[in-house]
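Data first, discussion second: the structure below is written as structure tokens.
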Amino acid sequence: DFMKMQFQVGEIIACEAVPKSKKLLCSQVKIGSSVKQIVSGIKSQYSPEEMVGKKVMVLVNLKPAKLAGVLSEGMLLCAENEKGELALLVPEKDMPAGAEIC
């Protein structure tokens, strides 16, 4: 199943808190020439303002799902430590939005 997953670099071009949610952020993520809306539970670790402009690793071929009534079209990849702190996975070098992660 892992081989079916498609990962690409995305650039967050807009981000806002999901209304009535304590955990969720809704990001507009540029991946190549398209933009996907991705909802993620990282509000405790990141503000919407600091998300904009970040290059992140994205799982792009998930079936769209609604989270708190908001459509999500992918998943941002994070690591979590023993304290529950999250860190977005970001490319080590400057990569274009849409670059394939292999």
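The values are calculated or read from the model by the stated rules, or taken from the named source; none is laboratory data. This is a predicted model, so every value here is computed, not measured. Ideal geometry is used to build each Cβ from the backbone, glycine not excepted, and the neighbour counts take in all protein chains shown. SASA here: full protein model, heavy atoms, side chains in, ligands and nucleic acids out. Shrake-Rupley method; radii C 1.70, N 1.55, O 1.52, S 1.80 Å.
Summed over the residues of the chain and divided among them, the accessible surface reaches 64 Å² per residue at a probe radius of 1.4 Å. Just checking the listed ones, 73, 49, 16: in the Gaussian network model of the chain with Cα springs under 10 Å, the one fluctuating most is 49.
Listed options for Rg/Rh (Cα atoms, Kirkwood Rh) are (i) 0.97; (ii) 0.94; (iii) 1.06. The value calculated from this structure is the one marked (ii). Distance between the pseudo-spin-label points of residue 21 and residue 63 (7 Å out from Cα toward the beta carbon): 1.9 nm.
Just how large is the dipole of the stretch 1-92 about the Cα centre, in debye to the nearest 20, putting +1 at every Lys and Arg Cβ and -1 at every Asp and Glu Cβ? Computed about the Cα centre, the dipole is about 360 debye. Under 26 Å of direct C-alpha separation, and excluding same-chain neighbours fewer than eight residues apart, residue 20 reaches these lysines: 30, 36, 43, 54, 63, 66, 83. Could you tell me the center-to-center distance, by alpha carbons, between the stretch 76-102 and the stretch 36-65 in angstrom? If we compute the Cα centre of each part, the gap is 10 Å.
In the chain, what percent of the accessible surface is made up of carbon and sulfur (1.4 Å probe, ligands and nucleic acids excluded)? Within the chain, the accessible surface is 54 percent carbon and sulfur.
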